[in-house]
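Working notes for the structure below.
The values are calculated or read from the model by the stated rules, or taken from the named source; none is laboratory data. Remember, predicted model here, so these are calculated numbers, not experimental data. All Cβ positions, even for glycine, are placed from backbone atoms using ideal geometry, and neighbour counts span all protein chains on display.
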Amino acid sequence: MKNAKKAAPHGAAAPGRRSASAPKERLIAVKPSGQKDESLSGLIHDLVRQIPPGRVTSYGAIAAVLSLPNPRMVGRAMRTAGKDVPAQRVVNSAGRLTGEHTQPRKLLLEKEGVTVKGDKVVNFKVVFWDPCKEL
């Protein structure tokens with residue numbers, strides 16, 4: 001049996017595969033000051049502050065770049081955002097404003113030059129800011 005693959009020892013992953021118990025690589029949050037950020041909400045808020053005016057991103061894009069298992073974690077953090085966090089720039093994956101206070105968020109986006117019709121961002125793919133590519 002020349003082409004037979006060698007079985008990995010019990011508990012070890014086969015070559016080229018991660019074992020189920022291997023830790024997933026995660027980003028280490030660092031504030032602009034260089035200090036480690038201990039708060040997940042704080043980390044999400046810091047990322048949202050980096051979204052340029054006139055651009056939007058999605059809960060899922062933020063979750064992906066931070067290796068979070070669920071975009072709802074981003075939504076939960078956005079509920080605690082203060083006035084210094086441009087929460088209006090975070091929308092769902094279809095480009096829709098969701099959650100509470102959609103009208104004030106719509107007005108803030110329109111002030112930044114983002115066109116919103118109803119609750120949907122017009123030209124969502126054009127104004128989408130992808131943190132995986134932009135950071």
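The residues in the stretch 103-135 that are in contact (Cβ under 8 Å) with a residue 24 or more places away in the chain and among the small types (Gly, Ala, Ser) can be counted, and the count is 1.
Condition check: closer than 17 Å to LEU135 by Cβ and assigned to a helix (DSSP H, G or I). Does LEU43 satisfy that? Judged against the criteria, LEU43 is a match.
Here LYS83 passes the criteria (1) over 15 Å from HIS45 (Cα atoms); (2) among the basic types (Lys, Arg); (3) at pLDDT below 95 except the one numbered (1). Number of residues in the stretch 49-104 that are hydroxyl-bearing (Ser, Thr, Tyr), outside any loop (DSSP other than H, G, I, E, B) and closer than 23 Å to SER39 by Cα: the value is 3. For the stretch 92-135, a tally of residues being within 18 Å of ILE62 (Cβ to Cβ), of a type in the set (D, E, K, R) and touching a helix residue (DSSP H, G or I) at 6+ places or on another chain (Cβ under 7 Å) returns 2.
In the set (1) surrounded by fewer than 19 Cβ atoms within 10 Å (Cβ to Cβ); (2) part of a loop (DSSP other than H, G, I, E, B), LYS125 fails one condition alone, (2).
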